[in-house]
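Only one structure is covered here, and it is reproduced in the block below.
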Amino acid sequence: MDDKELQNRFQAQVDAEIKIEPKDWMPDAYRKTLIRQMSQHAHSEIVGMLPEGNWVTRAPTLKRKAILLAKIQDEGGHGLYLYSAAETLGISREEMIEALHSGKAKYSSVFNYPTLNWADIGAIGWLVDGAAIMNQVALMRTSYGPYSRGMVRICKEESFHQRQGFDILYTLSRGSAEQKAMAQDALNRWWWPSIMMFGPHDSESTHSSQSMKWKIKRKSNDELRQDFIDATVPQAEVLGLSLPDPELKWNEERQHYDFGEINWEEFWSVVKGNGPCNRERLAARRKAYDEGAWVREAASAYAKKKKEQTIAG
Ligand code: 3HC
């Protein structure tokens, strides 16, 4: 088949909701944009461990500490699934890690904000993981097989992440006046960075239209953002907390919440590396990678030895 016929057969497979698998023919641009999105998704999981890791030793009870440890461990596993799924497209783990460390690759802007107190851990679980769930549930239906299957497992664990965050804020909002104020302050600082996670408006999105045609994306940035806001406002009411957006109000005609304009200058500044914690996050990742070199060397030496023994019989 010539290129045109291959393209047509590929698109017909996507349109028929037949998953694209690693060995299937695919346009180079499909492969490239999947490597971009999946590797950046994996980077987000791994970098996302850092703001929360800061509070493991400061958790208010042993139970909260154990829950937070379990959540952070899950995020490491999510990164593993996603790096492994991206490797099926022909990129190595080292190339992806190098792209992160050099600043060439992105990770979610939301992880470049500091976690100032325990209420932030609640806000991250409730809002950041809540936003991630909205995005990742749609990605369970993405056209690339390994990505779609990885999402199924990740979404199950994300629900626990979101719940434990909500539970932290629920406890604080029903505690002393100071504790309720902590919860409100955390919500004020994390609300807008969480809705920025969905990316630029559809009209400004570089990749959305092609990603929708290829069913990599099943819902647009603005659709997912709206779904998240609509689902989260009632939860804030249960917490007795107010959302930091004076323009937020229910629109009966649209059957959605109207909300204020996002600070896109802040968004792009953080995406471009000028957020409060960008340098700290990348420095921590590079340090962890360097300090973990001996583990990788030992593991590959062991694997090599085992292989030699198997061959030797
Ligand atoms: N942070 C950093 N960069 C962002 C961004 C954000 N919040 N939103 C968009 N961008 C970047 C895009 O990566 C793209 O840059 P690139 O071409 O260099 O990759 C550019 O801005 C234009 O944005 P587009 O809308 O055109 O890009 P996409 O079509 O890729 O849409 C996306 C962006 C919605 C984030 C999409 O990539 C996606 O759905 N990714 C998978 C989900 C994901 O990565 N989520 C991140 C959070 S994971 C998480 O929170 C883990 C949880 O367990 C805590």
Worksheet item: Residue check, ILE195 against (1) among the β-branched types (Val, Ile, Thr); (2) touching a residue at least 40 places away in the same chain (Cβ under 8 Å); (3) near the ligand (Cβ under 9 Å from one of its atoms), all met but one. Which one?
Response: (3)
Discussion item. Quick check on my filter: what residues within segment 1-24 are surrounded by 12 or more Cβ atoms within 10 Å (Cβ to Cβ), without any contact (Cβ under 8 Å) to a residue 60 or more places away in the chain and not in a helix (DSSP H, G or I)?
Written reply: ILE18, ASP24
Discussion item. Which of the numbered conditions does SER159 fail, given that it passes all the others? Conditions: (1) within 19 Å of LEU62 (Cα to Cα); (2) surrounded by fewer than 24 Cβ atoms within 10 Å (Cβ to Cβ); (3) within 12 Å of the ligand (Cβ to nearest atom).
Written reply: (1)
Item to complete: Working only within segment 206-217, note down all residues that are within 19 Å of SER44 (Cβ to Cβ) and either more than 9 Å from the ligand (Cβ to nearest atom) or surrounded by fewer than 18 Cβ atoms within 10 Å (Cβ to Cβ) (or both).
Response: THR206, HIS207
Practice prompt. Please list, ordered by first then second residue, the pairs with beta carbon atoms under 7 Å, 6 or more apart or interchain, first in segment 106-135 and closer than 24 Å to LYS63 by Cα, second among the small types (Gly, Ala, Ser) and away from the ligand (no atom under 12 Å from the Cβ).
Written response: ALA119/ALA183; ALA119/ALA186; ASP120/ALA186; GLY122/ALA183; GLY122/ALA186; ALA123/ALA186
Worksheet entry | ILE72 vs. criteria modelled with pLDDT of 95 or more and surrounded by fewer than 20 Cβ atoms within 10 Å (Cβ to Cβ) | yes
Discussion item. Let me spell it out: the conditions are (1) surrounded by 13 or more Cβ atoms within 10 Å (Cβ to Cβ); (2) not in a helix (DSSP H, G or I), and SER84 meets all of them except one. Which number is the exception?
Written reply: (2)
Discussion item. Filter segment 88-126 down to the residues that are in contact with a Leu (Cβ under 8 Å, 6 or more places away or on another chain), near the ligand (Cβ under 10 Å from one of its atoms) and either assigned to a helix (DSSP H, G or I) or polar (S, T, N, Q) (or both) and list them by number.
Written reply: PHE111
Worksheet item: Quick one: would you say ILE72 is under 30 Å from THR115 (Cα atoms), out of contact with any Cys (no Cβ under 6 Å at 6 or more places or on another chain) and β-branched (Val, Ile, Thr)?
Response: yes
Worksheet entry | Count of segment 53-66 residues which are in contact (Cβ under 8 Å) with a residue 12 or more places away in the chain and either near the ligand (Cβ under 9 Å from one of its atoms) or part of a loop (DSSP other than H, G, I, E, B) (or both) | 6
Worksheet item: Within segment 165-181, is even one residue part of a helix (DSSP H, G or I), within 23 Å of ILE124 (Cβ to Cβ) and within 12 Å of the ligand (Cβ to nearest atom)?
Response: yes
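The values are calculated or read from the model by the stated rules, or taken from the named source; none is laboratory data. The structure presented is a predicted model; accordingly, all values stated were derived computationally and were not measured. All Cβ positions, glycine included, derive from the backbone under ideal geometry; neighbour counts span all protein chains shown.
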